[in-house]
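K.L.:
The structure follows.
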Amino acid sequence: MTRAGMHLAELNVGRLLAPTDDPRVAEFMAALDRVNGLGKRMPGFVWMMEGSGAPGTGNTEAKIGGDPQFVSNLTVWESVETLENFVWNTVHRAFYERRAEWFEVLGKMHFVMWWVPAGHRPTLEEALARLAHLEAHGDSEEAFGWAFLKEARLWKDHRCTQVAAE
């Protein structure tokens with residue numbers, strides 16, 4: 001679904017099991033440029049925060065709480081369908097399905113989406129506020145997960161378990 005004059009923003013955060021230069025997360029770290037590059041070439045991709053998914057890049061914009069093991073990915077897409085297509089129908093899905101090999105289970109919300117006016121580039125601070133709103137109030141127009149979007153379909157087969165939070 002495309003909303004007139006609106007794009008879909010998403011934030012996904014995670015905490016690596018080990019420092020970015022540790023062999024336990026080496027495969028994930030080595031794939032970041034490939035997966036992010038693919039996302040940037042996908043139909044419907046609009047924008048990605050610099051440093052998204054790349055801890056240790058020196059970009060302070062992508063850091064959360066000064067913890068170098070936190071990975072944040074903040075992107076904007078033209079529609080629900082274009083984001084879903086990237087997440088579930090590309091190599092991204094293979095890495096998503098292996099997330100337990102590289103990431104801690106946070107035990108709280110780690111993913112949020114919200115609508116932004118076309119041309120708006122959300123900040124990490126804005127995105128974290130949306131995530132906090134979702135955690136405090138549940139799905140609403142302000143902040144939501146996949147289940148809130150009636151047009152989202154692919155996530156149903158691949159969603160996180162309840163313990164990991166959606």
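The values are calculated or read from the model by the stated rules, or taken from the named source; none is laboratory data. Keep in mind the model is a prediction, meaning the values are calculated, not measured. Just the protein is used for accessible areas: all its heavy atoms, side chains included, with ligands, DNA and RNA removed. Shrake-Rupley method; radii C 1.70, N 1.55, O 1.52, S 1.80 Å.
K.L.:
What ³J(HN,Hα) values, in whole Hz, does the Karplus curve 6.51 cos²θ - 1.76 cosθ + 1.60 give for the stretch 65-70 when θ = phi - 60°, with x put for Gly and Pro?
P.N.:
Per-residue couplings from phi come out as x, x, 8, x, 8, 7 Hz.
K.L.:
Mind checking the full-extension length gain between Val105 and Arg93? Use 0.36 nm per residue of separation minus the Cα-Cα distance, one decimal, nm.
P.N.:
Length gained, Val105 through Arg93: 2.5 nm.
K.L.:
Counting only protein chains, not ligands or nucleic acids, how are Glu10, Glu135, Glu151 ordered by accessible area (probe 1.4 Å), most first?
P.N.:
Sorted descending by solvent-accessible area, the residues read Glu135, Glu151, Glu10.
K.L.:
Compute the normalised compactness of the stretch 1-146: alpha-carbon radius of gyration over 2.2 N^0.38 Å, N being the residue count.
P.N.:
Here the answer is 1.00, to two decimals.
K.L.:
Here is a follow-up. Give the ranking of Ser140, Ser79 by solvent-accessible surface, highest area first, calculated with a 1.4 Å probe.
P.N.:
Numbers: Ser140 30, Ser79 5 Å².
Correct descending sequence by accessible area is Ser140, Ser79.
K.L.:
Could you tell me which of rounded, prolate or oblate describes the stretch 63-125, using a ≥ b ≥ c as the square roots of the eigenvalues of the alpha-carbon gyration tensor, with rounded for a/c under 1.5 and, failing that, prolate when a/b is larger than b/c and oblate otherwise?
P.N.:
oblate
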